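Before any comments, here is the structure.
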There are 2 protein chains.
Amino acid sequence: MDLEKALNTLFVTLFQDILSLEEKALIRGEFQDITINDMHVIEAIGPGEAQTSSTVAGKLSVTVGTLTKAVDRLSRNGYVLRERSEDDKRLVLLSLMEKGRRAYAHHQKFHENMIKAVVSRFDGEEAEFLARSLEDLIGYLRGGTDIKL
Amino acid sequence: MDLEKALNTLFVTLFQDILSLEEKALIRGEFQDITINDMHVIEAIGPGEAQTSSTVAGKLSVTVGTLTKAVDRLSRNGYVLRERSEDDKRLVLLSLMEKGRRAYAHHQKFHENMIKAVVSRFDGEEAEFLARSLEDLIGYLRGGTDIKL
DNA sequence: GCTGTATAGTTTGATAGTCAAACAATTTGA
DNA sequence: TCAAATTGTTTGACTATCAAACTATACAGC
């Protein structure tokens, strides 16, 4: 029970630390004209195939209207390309421009380093155990009904 | 290396899921006139001794100006008591009112349930190992210099 | 082929969250 | 006693967010 309290504090602290590190990583880096939020949009678009606005908005759990605004700035600043689909002219296709791909890589690097810091503290088996436990936990959280209020 | 990628995805997913659950827990509950943000302010004030604005703003890593606005609403809605200190009239002391304490308990319950879900997947030793690892990780992240860009 | 309905995005209006800088009140120390 | 430091509030500017109104396009049934 005491352990549970300790774990709670640890998780909360970890959450805050990671968010604040993400921000600092941005501020100090090359990409000072975008926010954390913008970065998450870039992350959701990804370096691969172009994606529709709806798809990206879905990934981020925001409305399409919200996304439109974020993309306004990102495309104005040369991170994201916004073009109408030829096949279906209702669709807007979003993809990363050169600068956007560099920002993506930059952020990925940050994540990688963080994960390495985690993994280096576990031996191989333990890391796999951790991965399985996280999977379980996510499944459990998504199951939903148990966490109430 | 593949494991690292998997862990990265798992952490990102877990982050998003927890945030979205926190929001849903609020929306469905008794406290519909406050946001997640407000809840975090309530959490930082805590049920104990009154705290100064600066202290609370520090905990949340926001400016005092930002906090002032959040507290405007929270005190208007009967969650937080704001009073000038008698000892030093520059200080503003923040404490939870009855409704604020109930909101606090509500949110704590949510965290508790979540932690229980984690712990139930580990035996005692493993949970302790996890706690130690998280501590290590936090220490490492705070050390700073290693995570760069 | 029309026409009405569905779908995809954008725009608008409102509210929240954020910071930096200007400001006001109070304390402290020289 | 008065200048400097401390603590908060206010202001101005910008971002983030949603719901609802709106626009443009596609599709389905006649």
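The values are calculated or read from the model by the stated rules, or taken from the named source; none is laboratory data. In this text, all values refer to a predicted model and were calculated from it rather than measured experimentally. For neighbour counting, all protein chains shown are included, and Cβ atoms are generated from backbone atoms with ideal geometry for every residue, glycine included.
Quick one: B:Thr66 ticks every box in (1) assigned to a helix (DSSP H, G or I); (2) polar (S, T, N, Q); (3) touching a residue at least 24 places away in the same chain (Cβ under 8 Å) except a single one, so which number is it?
With (1) assigned to a helix (DSSP H, G or I); (2) polar (S, T, N, Q); (3) touching a residue at least 24 places away in the same chain (Cβ under 8 Å) applied to B:Thr66, the lone miss is (3).
Each row is one residue, and each column tells you yes or no for (1) of a type outside the set (Phe, Trp, Tyr); (2) surrounded by 15 or more Cβ atoms within 10 Å (Cβ to Cβ); (3) more than 13 Å from DNA strand D (Cβ to nearest atom).
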position: A:Asp2; (1), (2), (3): yes, no, yes
position: A:Pro47; (1), (2), (3): yes, no, yes
position: A:Ser61; (1), (2), (3): yes, no, no
position: A:Thr68; (1), (2), (3): yes, no, no
position: A:Lys89; (1), (2), (3): yes, no, no
position: A:Arg101; (1), (2), (3): yes, yes, yes
position: A:Ala105; (1), (2), (3): yes, no, yes
position: A:Lys109; (1), (2), (3): yes, yes, yes
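Within region B:74-89, can you find the residues that are near DNA strand C (Cβ under 9 Å from one of its atoms) and among the charged types (D, E, K, R)?
The answer is B:Arg84, B:Glu86, B:Asp87, B:Asp88, B:Lys89.
Hey, can you tell me all the residues within region A:74-89 that are free of Cβ contacts under 8 Å to residues at least 12 places away in the same chain and assigned to a helix (DSSP H, G or I)?
A:Ser75, A:Arg76
What's the total number of residues in region B:7-40 that are within 12 Å of chain A (Cβ to nearest Cβ), farther than 23 Å from A:His40 by Cβ and either touching a residue at least 60 places away in the same chain (Cβ under 8 Å) or crowded, with 17+ Cβ neighbours inside 10 Å (or both)?
3
Among the listed residues A:Val56, A:Val71, A:Val92, which satisfies the condition of being near DNA strand C (Cβ under 9 Å from one of its atoms) and touching a residue at least 40 places away in the same chain (Cβ under 8 Å)?
Only one candidate qualifies: A:Val92.
Suppose the filter is of a type outside the set (Ser, Thr, Tyr) and not in a loop (DSSP other than H, G, I, E, B); does A:Ile18 pass it?
yes
Could you tell me which of the residues B:Ser54, B:Ser120 is at pLDDT 95 or above and of a type in the set (Ser, Thr, Tyr)? Explain how you work it out, then say what you get.
Details: B:Ser120 fails: at pLDDT 95 or above.
On inspection, the qualifying residue turns out to be B:Ser54.
Check region A:41-48 and report whether any residue there is under 30 Å from B:Phe110 (Cα atoms), within 14 Å of another protein chain (Cβ to nearest Cβ), among the aliphatic types (A, V, I, L, M) and in contact with a Ser or Thr (Cβ under 6 Å, 6 or more places away or on another chain).
Within region A:41-48, not a single residue is under 30 Å from B:Phe110 (Cα atoms), within 14 Å of another protein chain (Cβ to nearest Cβ), among the aliphatic types (A, V, I, L, M) and in contact with a Ser or Thr (Cβ under 6 Å, 6 or more places away or on another chain).
Taking the criterion of being facing another protein chain (nearest Cβ under 10 Å), in contact with an Asp or Glu (Cβ under 6 Å, 6 or more places away or on another chain) and over 30 Å from A:Ala25 (Cβ atoms), would at least one residue in region B:121-130 satisfy it?
yes
For region A:123-133, give me each residue that is modelled with pLDDT of 80 or more and either under 20 Å from B:Leu141 (Cβ atoms) or surrounded by 15 or more Cβ atoms within 10 Å (Cβ to Cβ) (or both).
Within region A:123-133, A:Ala127, A:Ala131 qualify.
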